[in-house]
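To start, the structure under review is shown below, and the notes come after it.
What follows draws every value from the coordinates through simple rules; no lab data is involved. Fair warning: this is a prediction, and the values are worked out from it, not measured in the lab. Counting neighbours? That spans all protein chains shown, and the Cβs are built from the backbone with ideal geometry, glycine included.
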Amino acid sequence: MDCIFCKIVDGSIPSRKVREDESLLAFFDVEPKAPIHILVIPKKHVASLAEAKADDEALLGRLLIAAAEIAREQQLGKGFRVVISTGAEGGQTVDHLHLHLLGGRQMHWPPG
């Protein structure tokens, strides 16, 4: 598989890891859009949220809980944003499910 996030998971591409456990990896985005921009990804390859299945329910919950825990660790108590882009029109550029955890500045609406 030629997935950049799968290569980050297997260690063949380095990353600035924030957290890792048996089901997920979190690391700083190389092109940050906010002072804190962390990607939270499942180690299991799921192409997008649209491709998630019922048996991914626990994994999806784990990704969100991890994002909240990391936000606390990064001292984002004033607020943060979690974004899941899905598909080309949704702005997804890597075909591997990932959450963007953004914080450290005022977020604006609409986002784009």
For segment 26-42, 3J(HN,Hα) per residue [Karplus equation, 6.51 cos²θ - 1.76 cosθ + 1.60, θ = phi - 60°, Hz, x = Gly/Pro]: 10, 8, 5, 5, 6, 10, x, 9, 7, x, 10, 9, 10, 9, 10, 10, x
Residue with peak Gaussian network fluctuation, the chain [Cα springs, cutoff 10 Å], from G87, G79, G11: G11
Folded to 0 to 90 degrees: helix 57-73 orientation relative to the chain principal axis, Cα: 30
Gap separating the Cα centres of segment 33-56 and segment 61-112, nearest whole Å: 10
Among S48, I4, L101 - extreme Cα towards positive end, dipole of the chain, charges at beta-carbon: L101
Exposure proxy ranking, count of Cβ atoms within 10 Å, fewest first, for I13, I38: I13, I38
Average Cα contact separation per residue, the chain, under 8 Å, 6 or more apart, as relative contact order %: 30
